[in-house]
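A.B. asks: Sending over a structure as structure tokens; questions will come in a sec.
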Amino acid sequence: MLSIKNLHASIEDKPILRGLDLEVKPGEVHAIMGPNGSGKSTLSYVLAGKDDYEVTEGSATLDGQDLFALAADERAAAGLFLAFQYPLEIPGVATMTFLKAAVNAQRRARGEGDLPTPQFMKLVREKADGLGISTDMLKRGLNVGFSGGEKKRNEILQMALLEPKLCVLDETDSGLDIDALKVVSEGVNALRAQNRAFVVITHYQRLLDHITPDVVHVMAKGRIVRTGGPELAHELEARGYADYVGEAAA
Amino acid sequence: MNAEVRSIRTAAETALSEIFASAFAGLPGDSAVAERRRTAFDAFKAAGLPSRRVEDWKYTDLRALMRDAKPIAGAPDGVMIAAARGALAPYAAIDATRVTFVNGRFVEELSDLATAEGVSVTLLKDALVNGAGVEALSDGVSPAGNVAVALNAAFVADGVVVSVAPGVTASRPIHVANVQAGSEHAAYGRVVARVGEGGNVLLIESHIGDAGAHQTNSVIMLDVADGARAELVKIQDESLDTLHLATLAVRLGAKAELKTFALAAGARAARQQIYVSFTGDGSTAEIRGAGFAGASRHLDTTLVVDHDAVGCSSREHFKTALDGEARSVFQGKIVVKPGAQKTDGKMMAQALLLSEGAEADAKPELEIFADDVVCGHGATVGALDDELLFYLKSRGIPQKEAEALMVQAFVGEVIETIEHEGLREVVTDRALAWLTART
Amino acid sequence: MPAVQETVARVREIDVDQYKYGFVTDIESDRAEKGLSEDTVRFISAKKGEPEWMLEWRLDAYRRWRTMVEPNWARVDYPPIAYDELYYYSAPKSTPGPKTLDEVDPELLRTYEKLGIPLREQEILAGVEQRRVAVDAVFDSVSVATTFKKELAQAGVIFCPISEAIREHPELVKKYLGSVVPTSDNFFATLNSAVFSDGSFVYVPKGVRCPMELSTYFRINEQNTGQFERTLIIADEGSFVSYLEGCTAPMRDENQLHAAVVELVAHDDAEIKYSTVQNWYPGDAEGKGGIYNFVTKRGDCRGKNSKISWTQVETGSAITWKYPSCILRGDGSRGEFYSIAISNGRQQVDSGTKMIHLGKNTTSKIISKGISAGRSQNTYRGLVSAHRKATNARNFTNCDSLLIGDECGAHTVPYLEAKTSTAVFEHEATTSKISDDQKFYCLQRGLSEEEAVALIVNGFVKDVLQQLPMEFAVEAQKLISISLEGSVG
């Protein structure tokens, strides 16, 4: 589904990703772990198409489609979803308004018509209830005044509504207490499906207690330096990243 | 400038022309300086004293405030110098290179010109005759045709030239003291300061007046080179019959730092003009001031901060407390030129009205031609918080004392930003003295 | 999200010749001779069948105007207007006063249909829950149709073309016309006083709450024609009226002059809510053509505890010069100004308000949202003043500007004048651009860049949008969308 080959990318001429390879098949959950500064968040931004990140070499395809040939919104319509580490606040734009704008924009991009409002409302209520998102929250400005947990749940709600093929979760566990972590993880697990894949970026192993990965990668200095099964995450938890920092630098 | 065509001159304008004609030959300077003076005076003559119909002087009608032109002061006598010595007492504890002018004339016995290595402090009158005069009389930052600046260039006879060599941190502050003594006269002063790359200096300018009805006009030209830092504290404590015009023109290089504080405590009518120009990237400026006035005094702060470089930030904060029939004017403008991206500018003007008759006018402007900026301004006008006042009184503090405490807290916020402890005390004491005099 | 796209059109595409209201209606018209003279004024007055006193009032204004100079203090730049090359009166030929809608030229009605104006009463009912809007339509300079007249009359409300009011209600017109904006007020208002040909007149009697929204649509059609409408609204003691105004004009290469005057009078305990969606043709991307919109709008809170509220959405015109103001004369009166001003292409906006506090315990509130894009210049200019006797005057002002692109300008020029220590003024202003991170977040969810910008802009102006009456949202169609929010919960 996702195929990344020899990816190099930089910000302001400073190389961050240096030859990264990654293959993710439908239905799989891949965890990418690594020390701070290894380029994990950069990978998510490069895939999603954020300005200021320049791809200097390599390729990334989603179901054979060249991601780098697409603009950020086209990548979203193609089925790529990024759950932000720090979801943005947009004052004055009700969360509900935003959700509808996003859902319909993607439907239109796929040549489908807008979802009728009553149907949309029903859908949102259904999904929101499962995540413990109140109607009041949906009426408030997007992420404005939301707690850390509320923001992350809102990300998962969007994921559920947009039904992407590939979900990239960037440090989704950061800033969450254990209860919020559980709600968010359950939301993610509910979305696991045969035709959907996940790339879970995290610094700590604890998220992976709740979202069990099929494959775990260790990233350091802009590359994948080791790949293994779920046991690798536990090993990292016990031993830390010190080994890998040295290994990649060498 | 609205250059109105006017054939009728006011008495003050006519008198200024006569004074200039008779004083011109005796003013120091080489022929180029003489030419510069003449051009400046012609510019003044063409515009005349601005009335409120000139937008820049809308709230400070100089034509109405300046009914006559005082004669240029003569050399101070012994009595005046003795009086000046007394007036300087509050500054005695501040160790500084000190240049004292009494009635616009340099007084060596009240001065201490000793400086550390790399710092030079000389008299402007020498620069005016050694070829550096024209440059010293042209700041290049204040708006063309500004009347206060033009009159200063035409008449100024002496002042101070400060130079801090690159990389040098001046170990002592440099204090320029202007004392007025006598019944009534006009006095002009000018400070021309340059801080070389990576240099650092604290400048103090004070204006102290006796009971006379004077007209004072001072200009500070400050050039802060790349990576340099300058701090300036100005204390205006003129006599309550004085008309005080002052201009600060600052040019900032790249990664430079400016910090200024202006106290307006005296004068019948005072206008402090501040023009700051960012010409290099990544510089910062903090521009603050406090003022208090009673009776029918008039305090004007006019400020233009011109961002013409990338990534500069400026903070402006002015506070004024007004009593009696006093009036404050704040005109502040942040300009962001095309291409001056990543500018961060914030301006705040606050006036506290302590009496029924006090008045405050504010015109905080933003003029923005670049998009990647964060700029804002705020202005508040109001009386003391009644509830807070009541709270203090309910604790047994009398009305006036409670007011004094609250005013102190109000102006204290900006006064506290003065880094030099001795100076901060001088300013705080002056504020307290004003508050005590109220009660 | 059609609403969003529409806003995108406002923000981004105004300058690409896609002004959707830019059609020309082909109707024969009856024009005054080109240029302005006493004869022109007499011609207009005669055409309207005005009494002698009205003609004298106009001539007085005309003579005064000849002695005045055009103001130049606003931050707008335009070539000199050749006042003697303009036509000052143009009426659709088929109308010496249509009696019913059926008598209105069908071509005209089609024009209004194209504008989305529900002139026919049944259309109004469609889509709007049980609430109706009475419409007065002004085409070039002439009022062509007023709806719901009968029903309003039953409530005692007079809503008619001002030309009719001059004939039918001279005592009211004499008493109030020029009492808020005197004929000598300013260059453009004086010109209007001399040559205005029509506009709307509203009188709401004591204690009456006007049973429906009143609305006027203005359209300039003729070439080289100035439009000078005059609106006068009087809310008598304890009454309430909400009035809506919409404007469009066809695309023309030449600049067209629009110099309107609006006067509002609110007596004791009365309230007037005045809303405008101004969508005159803004000119093309290079600044060719477009309306010069020099408008004087002023409300007089004459009575105690009266209230006047201005809401404006300004998206059109090559030049906007407009400062809807409130004179807070009555004790306890209140003035409000809510504004959205969007400029793009080569548009120039210099707009704001004046809140003049004269009475005791008067309050005012100003919320201004400026959005500059393209190579436009957008200036907020405002005055808040409290006079000596205006004890306890209160003002809160919030002025925010948003910049889209690095070739435009956003400027803020507020004047605060407090002449009483009991006044409390608070003013805050910010200028910023749309954050790249916010935009990226929207893009990642699949919104196009334009949709993202529109969405963020909509959020930015929300405080003002909420002030518009529901009906206006419907009438101004896709400009505003609040339906989704309203349906939640």
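Where a number appears in this text, it was derived from the coordinates with a stated rule and is not lab data. Bear in mind that the values here come from a model prediction, so they are computed numbers and not experimental data. We place every Cβ from the backbone using ideal geometry, glycine too, and count neighbours over all the protein chains shown.
A.B. asks: Fewest first, what order do B:D226, B:D30, B:D323 take by the number of other Cβ atoms within 10 Å? Spell out each step's value before the answer.
C.D. replies: Numbers: B:D226 18, B:D30 15, B:D323 23.
Ascending number of Cβ neighbours within 10 Å: B:D30, B:D226, B:D323.
A.B. asks: Separate question: Any idea how far the Cα center of region C:48-76 sits from the one of region C:158-174, in Å?
C.D. replies: Region C:48-76 and region C:158-174 have Cα centres spaced 20 Å from each other.
A.B. asks: Right, something else. Among A:L176, A:Y53, A:L131, pick out the residue whose Cα is farthest towards the positive end of the charge dipole of chain A, where Lys and Arg carry +1 and Asp and Glu carry -1 on C-beta, about the Cα centre.
C.D. replies: A:L131
A.B. asks: Which residues among region A:48-67 fall inside the zone where the amide N is under 19 Å from a point 7 Å beyond the Cα of A:E23, along Cα→Cβ?
C.D. replies: Residues A:58-67 fall inside that zone.
A.B. asks: Oh, and also: Return one number: the angle in degrees, 0 to 90 and rounded to the nearest 10, between the long axis of the Cα atoms of helix A:178-191 and the longest principal axis of the Cα atoms of chain A.
C.D. replies: The angle comes out at about 80 degrees.
A.B. asks: OK, next. What does the charge count around C:T363 come to, taking other residues whose C-beta lies under 14 Å from its C-beta (Lys +1, Arg +1, Asp -1, Glu -1)? Don't skip to the answer; put the middle values down first.
C.D. replies: Working: positive: C:K304, C:K307, C:R329, C:R334, C:K360, C:K365, C:R394; negative: C:E271, C:D331, C:E336, C:E426.
With Lys, Arg at +1 and Asp, Glu at -1, the neighbours total +3.
A.B. asks: If packing is taken as the mean number of other Cβ atoms within 10 Å per residue, what is the order of C:394-405, A:18-29, highest first? Walk me through the intermediate numbers first.
C.D. replies: Working: C:394-405: 21.8, A:18-29: 17.0.
So the peptides C:394-405, A:18-29, ranked by packing, come out C:394-405, A:18-29.
A.B. asks: Right, next: Hey, how much of the P(r) for region A:52-195 falls beyond 21 Å, as a percent of Cα pairs?
C.D. replies: Values: 4763 of 10296 pairs.
Tail of the P(r) past 21 Å holds 46 percent of the pairs.
A.B. asks: Given a cut-off of under 8 Å on Cα pairs at least six residues apart, what relative contact order in percent is computed for region A:157-230? Intermediate values should be presented prior to the final figure.
C.D. replies: Details: 66 pairs, mean separation 22.3, N = 74.
It comes to 30 percent, rounded to a whole number.
A.B. asks: Averaged across C:450-457, how many Cβ atoms of other chains sit within 10 Å of each residue's Cβ atom?
C.D. replies: Details: counts 1, 6, 6, 0, 1, 9, 7, 2.
Across C:450-457, the average partner-chain Cβ count within 10 Å equals 4.
A.B. asks: Check cross-link reach from C:K174 to the lysines: straight Cα distance under 28 Å, and skip same-chain residues fewer than eight apart.
C.D. replies: Those lysines meeting the cut-off are C:K47, C:K48, C:K99, C:K149, C:K150, C:K206, C:K273, C:K297, C:K304, C:K307, C:K322, C:K354.
A.B. asks: On to the next question. Across all directions of projection, what mean area in square nanometres is found for the Cα convex hull of chain A? List each step's numbers first, then the result.
C.D. replies: Numbers: hull surface 52.9 nm².
Hull-based average projected area comes out at 13.2 nm².
A.B. asks: With contacts defined as alpha carbon pairs under 8 Å and 6 or more residues apart, what's the relative contact order of chain B in percent?
C.D. replies: Worked out over chain B, it gives 10 percent.
A.B. asks: Per-residue ellipticity at 222 nm for the protein assembly as shown, helices alone: DSSP H runs ≥ 4 residues times -39500 (n - 2.57), over residue total, nearest 500 deg cm²/dmol?
C.D. replies: Numbers: 34 runs with 324 residues, N = 1178.
Calculated from helices alone, the mean residue ellipticity at 222 nm is -8000 deg cm²/dmol.
A.B. asks: Provide the net charge surrounding A:L20, with neighbours chosen by a C-beta distance below 11 Å and charges set as Lys +1, Arg +1, Asp -1, Glu -1. Kindly include the intermediate steps, with their values, before the conclusion.
C.D. replies: Numbers: positive: A:K5, A:R18, A:K40, A:K221, A:R223; negative: A:D21, A:E57.
That works out to +3.
A.B. asks: Using alpha carbons only, what's the Rg to Rh ratio of chain B with Rh from Kirkwood? Please list the in-between numbers first.
C.D. replies: Working: Rg = 21.0 Å, Rh = 22.0 Å.
Reported Rg/Rh, Kirkwood definition of Rh: 0.95.
A.B. asks: So for each of B:303-315, B:127-139, C:55-67 I average, over its residues, the number of other beta carbons within 10 Å; can you give me the resulting order with the highest mean first? Provide the component values of the computation, followed by the final result.
C.D. replies: On the way: B:303-315: 21.9, B:127-139: 19.2, C:55-67: 17.0.
Ranked from most to least packed, the peptides come out as B:303-315, B:127-139, C:55-67.
A.B. asks: In addition: I'd like the orientation of helix A:148-162 relative to chain A: the angle between its Cα long axis and the longest Cα principal axis, in ° from 0 to 90, rounded to 10.
C.D. replies: In chain A, helix A:148-162 runs at an angle near 80 degrees to the longest axis.
A.B. asks: Here is a follow-up. Take the Cα atoms of region B:351-439, find their three principal axes, and give me the spread along each one in whole Å, biggest first.
C.D. replies: That works out to 54, 34, 23 Å along the principal axes.
A.B. asks: Please compute the net charge surrounding A:G49, taking Lys and Arg as +1 and Asp and Glu as -1 over other residues with Cβ under 13 Å from its Cβ. If you can, show how the numbers build up before the last one.
C.D. replies: On the way: positive: A:K50, A:R75, C:K439, C:R445; negative: A:D51, A:D52, A:E54, A:D66, A:D73, A:E74, C:D436, C:E449.
Net charge in that neighbourhood comes out at -4.
A.B. asks: Give the peptides C:194-203, C:74-83 in descending order of average Cβ contacts within 10 Å, highest first. Mind showing how you got there, number by number?
C.D. replies: Numbers: C:194-203: 26.3, C:74-83: 12.7.
Final packing ranking: C:194-203, C:74-83.
A.B. asks: Now for a separate question. Where the eigenvalues come from the Cα gyration tensor of region B:265-362, what are the semi-axes √(5λ) of the equivalent ellipsoid, largest first, in whole Å?
C.D. replies: On the way: eigenvalues 193, 23, 17 Å².
Output for region B:265-362: semi-axes of 31, 11, 9 Å.
A.B. asks: Tell me, in nm to one decimal, what length is gained between C:S179 and C:E449 on full extension, where the rule is 0.36 nm per residue of separation less the Cα-Cα distance?
C.D. replies: On the way: separation 270, 0.36 × 270 = 97.20 nm, distance 4.92 nm.
Stretched out fully, the C:S179 to C:E449 stretch lengthens by 92.3 nm.
A.B. asks: In region A:164-193, what trypsin sites (Lys or Arg not before Pro) fall in a loop by DSSP, with at most 11 other Cβ atoms inside 10 Å? Each step should come with its number before you reach the end.
C.D. replies: Working: sites: A:K165, A:K182, A:R192; in loops: A:K165, A:R192.
Loop-located and lightly packed - none at all.
A.B. asks: If you take the beta carbon distance between B:E184 and B:V79 as r and set R0 to 22 Å, what does 1/(1 + (r/R0)^6) give as a FRET efficiency, to the nearest 0.05? Please list the in-between numbers first.
C.D. replies: On the way: r = 16 Å, r/R0 = 0.73.
Result of the calculation: an efficiency of 0.85.
A.B. asks: Would you mind getting me the FRET efficiency between C:V69 and A:E231? Use the beta-carbon distance for r and R0 = 56 Å, nearest 0.05.
C.D. replies: Result of the calculation: an efficiency of 0.05.
A.B. asks: Tell me the volume per residue, in Å³, of the convex hull enclosing the alpha carbons of region B:1-86. Provide the component values of the computation, followed by the final result.
C.D. replies: Details: hull volume 12.9 nm³, N = 86.
So the per-residue hull volume is 150 Å³.
A.B. asks: On a C-alpha basis, how far is the centre of region B:277-339 from the centre of region A:183-250 in Å? Whole number, if you could?
C.D. replies: So the two Cα centres are separated by 54 Å.
A.B. asks: If you count, for every residue in A:137-145, the Cβ atoms of partner chains within 10 Å of its Cβ, what is the mean? Mind showing how you got there, number by number?
C.D. replies: Numbers: counts 0, 3, 4, 0, 2, 6, 1, 1, 0.
Per-residue shielding by partner chains comes out at 2.
A.B. asks: Still on this model: Among B:V160, C:V69, what is the fewest-to-most ranking by other Cβ atoms within 10 Å? Can you show the working numbers first?
C.D. replies: Values: B:V160 26, C:V69 6.
Ranking B:V160, C:V69 by Cβ neighbours within 10 Å, fewest first, gives C:V69, B:V160.
A.B. asks: Antiparallel DSSP bridges in the protein assembly as shown: what percent, to the nearest 5? All intermediate terms of the calculation are to be shown ahead of the outcome.
C.D. replies: On the way: 58 of 336 bridges.
Antiparallel: roughly 15 percent of the beta bridges in the protein assembly as shown.
A.B. asks: State the dimensionless ratio Rg/Rh of the protein assembly as shown (Rg: radius of gyration of Cα atoms; Rh: Kirkwood radius). All intermediate terms of the calculation are to be shown ahead of the outcome.
C.D. replies: Details: Rg = 34.4 Å, Rh = 33.8 Å.
Dividing the radius of gyration by the Kirkwood radius yields 1.02.
A.B. asks: To make sure I understand, if each residue's beta carbon is the centre and we count other beta carbons within 10 Å, what order do C:M68, A:M1, C:M355 fall in, fewest to most?
C.D. replies: Working: C:M68 14, A:M1 18, C:M355 26.
Listing C:M68, A:M1, C:M355 from fewest to most nearby Cβ atoms yields C:M68, A:M1, C:M355.
A.B. asks: Also, quick follow-up: If you look at just the Cα atoms of region B:165-300, how large are its Rg and its Dmax in Å?
C.D. replies: Here Rg and the maximum Cα pair distance are 15.6, 48 Å.
A.B. asks: Under a cut-off of 17 Å between alpha-carbon atoms, report the aspartates and glutamates in cross-link reach of A:K139, not counting same-chain residues fewer than 8 places apart.
C.D. replies: A:E89, A:E126, A:D129, A:E150, A:E155, C:D463, C:E485
A.B. asks: Now a separate question. Apply the membrane-span-like helix rule to chain B: whole DSSP H runs, Cα extent along the own long axis of at least 15 Å, mean Kyte-Doolittle hydropathy at least 0.0. List the helices found. Walk me through the numbers on the way to the answer.
C.D. replies: Details: long enough: B:11-23 (18 Å, 0.83); B:31-47 (24 Å, -0.31); B:399-415 (24 Å, 0.54); B:421-438 (26 Å, -0.08).
Helix filter hits for chain B: B:11-23, B:399-415.
A.B. asks: Could you tell me the relative contact order of region B:253-395? Use alpha-carbon pairs under 8 Å, at least six residues apart, and round to a whole percent.
C.D. replies: Numbers: 397 pairs, mean separation 28.6, N = 143.
Relative contact order here is 20 percent.
A.B. asks: Could I ask something else about it? Counting only other chains, and only Cβ atoms inside 10 Å, what mean value do you get across the residues of A:101-111?
C.D. replies: Working: counts 14, 9, 3, 6, 11, 3, 1, 4, 3, 1, 0.
Across the residues of A:101-111, the mean count of other-chain Cβ atoms within 10 Å is 5.
A.B. asks: May I pose another question? Using all C-alpha to C-alpha distances in region B:44-130, build P(r) with 10 Å bins and read off the rounded percent in each one.
C.D. replies: Going out from 0 Å in 10 Å bins, region B:44-130 shows 13, 28, 24, 27, 7, 0 percent.
A.B. asks: Would you mind giving the three semi-axes, in whole Å and largest first, of the ellipsoid equivalent to region C:302-420 according to its Cα gyration tensor? Display every interim value, and only then the final one.
C.D. replies: On the way: eigenvalues 182, 32, 19 Å².
Over the Cα atoms of region C:302-420, the ellipsoid semi-axes are 30, 13, 10 Å.
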